[in-house]
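Asks: Following this message is one structure expressed as structure tokens.
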Amino acid sequence: MKVSCAAGVYGGVRASVKIILLGPPGSGKGTQGAALSKSLQVPEISTGDMLRQAVAEKTALGQQVGDVINQGCLVPDDLIISVIEERISREDCENGFILDGFPRTIEQGEALERVLPDSVDVVIYFNVSSEAVVARLAGRLTCRKCGAVYPNMDTSLCSVCRGDLYQREDDMTSTVLRRLKLYREHTEPLVAFYRDKGKLAEIDGEGSVEEIAQRVEEGIAQVLA
Ligand code: AMP
């Protein structure tokens, strides 16, 4: 399979590509992940979307994690590890995948290394200041149906699927501050974890969607070179 993205080809012909999107909440992982998923033709797997769907469908998992998510806390490692393990074993992940929101702790990163003997190929780290994150999340709306994200409040219907737009309870400012604190304490150490493995593409996550997409493309190409 030829791995290509927007305007480029990464590393010639590759059998598969496994990418992790790392960065604070609201750093653009979902937006860039959706575009990458389209161009690389591998699924984007968002643990946040999977958990919110489980809550909406009132599954056993959803009942376990609903309050944790709304409070902006992290669900237990063993739980989310088993969710992701099952998800990436499915057929549609044969040629790779893009993980958005996993791993979020060193323990999760180590679990992923155990599950995937050949490990991940690239970890894209979206570096965004806390101030920018708070401003972005306080203003963003999410589609109830397909999860698409909109940066401001001047619309009420999703242009992709016509679903309703709403403000996620965990995007309220006080909860965002808790999510950011958890991110800095538990998730940011993964930056050094993957840098030491030579897998990290560090991207300036502030700018237009197009500018960031260009940086992502260059970052992936550099790590795979
Ligand atoms: P997100 O949409 O990625 O911001 O995730 C929303 C919420 O889902 C997070 O605030 C956590 O409560 C939970 N969550 C998602 N992914 C993970 C993970 N890998 N580990 C623990 N909790 C997670």
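The values are calculated or read from the model by the stated rules, or taken from the named source; none is laboratory data. Source: prediction; values computed, not measured. No Cβ is skipped: glycine too gets one built from the backbone with ideal geometry, and neighbour counts run over all protein chains shown. In case anyone asks, the SASA skips ligands and DNA or RNA and just uses the protein heavy atoms, side chains included. Shrake-Rupley method; radii C 1.70, N 1.55, O 1.52, S 1.80 Å.
Asks: Sequence-distant or interchain residues sharing an amide H contact under 5 Å with G96, placed H: which?
Replies: V17
Asks: Once phi is turned into θ = phi - 60°, what whole-Hz ³J(HN,Hα) does the Karplus curve with 6.51, -1.76 and 1.60 give for every residue of region 64-74, x standing for Gly and Pro?
Replies: Rounded to whole hertz, the list is 6, 10, x, 5, 4, 5, 4, 7, x, 9, 8.
Asks: Which value in deg cm²/dmol, rounded to the nearest 500, describes the helix-derived mean residue ellipticity at 222 nm for the chain, given -39,500 (n - 2.57) per DSSP H run of n ≥ 4 and division by the residue count? Provide the component values of the computation, followed by the final result.
Replies: Numbers: 9 runs with 99 residues, N = 225.
It lands at -13500 deg cm²/dmol.
Asks: Using the Karplus curve 6.51 cos²θ - 1.76 cosθ + 1.60 with θ = phi - 60°, what ³J(HN,Hα) values do you get for each residue of region 134-144, in whole Hz, with x for Gly and Pro?
Replies: Values per residue, Gly and Pro as x: 4, 5, 5, 6, 5, x, 8, 10, 10, 6, 5 Hz.
Asks: Here's something else I'd like to know. Would you kindly state how much longer the chain becomes between E113 and N70 on full extension, computed as 0.36 nm times their sequence separation minus their alpha carbon distance, in nm to one decimal?
Replies: Values: separation 43, 0.36 × 43 = 15.48 nm, distance 2.91 nm.
Extra length from E113 to N70 when fully extended: 12.6 nm.
Asks: Here is a further query. Which loop GluC sites (Glu not before Pro) in region 187-222, with loop taken from DSSP, have no more than 11 other Cβ atoms within 10 angstrom of their Cβ? Intermediate values should be presented prior to the final figure.
Replies: On the way: sites: E202, E206, E210, E211, E217, E218; in loops: E206.
Taking region 187-222 and a limit of 11 other Cβ atoms within 10 Å, no loop GluC sites (Glu not before Pro) are found.
Asks: Student exercise: in the chain, how many lysine pairs 8 or more apart or on different chains have Cα atoms under 26 Å apart?
Replies: Lysine pairs meeting both conditions in the chain amount to 19.
Asks: What accessible area per residue comes out for the chain, rounded to a whole number of Å², with a 1.4 Å probe?
Replies: Values: 11110 Å² over 225 residues.
Ligands and nucleic acids excluded, the result is 49 Å² per residue.
Asks: Hey, what's the Kirkwood Rh for the chain if you take every pair of different alpha carbons, in angstrom? Please list the in-between numbers first.
Replies: Numbers: mean 1/r = 0.0559 Å⁻¹.
When all Cα pairs of the chain are included, the Kirkwood radius is 17.9 Å.
Asks: Of the DSSP beta bridges with both residues in the chain, give the percent that are antiparallel, rounding to the nearest 5. Display every interim value, and only then the final one.
Replies: Working: 8 of 25 bridges.
Percent antiparallel among DSSP bridges in the chain is about 30.
Asks: May I ask you to rank M172, M50 by accessible area, largest first, using a 1.4 Å probe over the protein chains only? Walk me through the numbers before you get to the answer.
Replies: Working: M172 85, M50 50 Å².
Highest to lowest solvent-accessible surface, that is M172, M50.
Asks: I've got another one for you. Percent relative contact order of the chain, based on C-alpha pairs within less than 8 angstrom and at least six residues apart? Numbers along the way, then the final one.
Replies: On the way: 350 pairs, mean separation 61.4, N = 225.
Relative contact order for the chain comes out at 27 percent.
Asks: Have a look at the DSSP beta bridges in region 98-221 and tell me what percent are antiparallel, nearest 5.
Replies: In region 98-221, approximately 50 percent of DSSP beta bridges are antiparallel ones.
Asks: In Å, what Rg and Dmax follow from the Cα atoms of region 50-106?
Replies: 12.1, 35
Asks: If amide H atoms are built 1.01 Å from N in the plane of the peptide, which residues on other chains or at least 5 residues away come under 5 Å of the amide H of K199?
Replies: So K199 has HN proximity to no qualifying residue.
Asks: Do you know the relative contact order of region 16-130, to the nearest whole percent, from alpha carbon pairs under 8 angstrom that are 6+ apart? Present the calculation step by step, with values, prior to reporting the outcome.
Replies: Numbers: 138 pairs, mean separation 58.0, N = 115.
Answer for region 16-130 is 50 percent.
Asks: Over what distance in Å are the Cα centres of region 182-225 and region 40-57 separated?
Replies: 21
Asks: Can you compute the charge dipole magnitude of the chain about its Cα centre, using +1 on each Lys and Arg Cβ and -1 on each Asp and Glu Cβ, nothing else charged? Give it in debye, rounded to the nearest 20.
Replies: Working: 25 positive and 33 negative charges, 65 e Å.
My answer is approximately 320 debye.
Asks: Moving to a separate point now. Please identify, among L116, L200, L165, the residue showing maximal mean-square fluctuation in a Gaussian network model of the chain using a 10 angstrom Cα cutoff.
Replies: Residue with maximal mean-square fluctuation among L116, L200, L165: L116.
Asks: Which distance in nm do the two modelled labels at Y166 and C146 give, with both placed 7 Å along the Cα-to-Cβ direction?
Replies: Roughly 1.9 nm, to one decimal.
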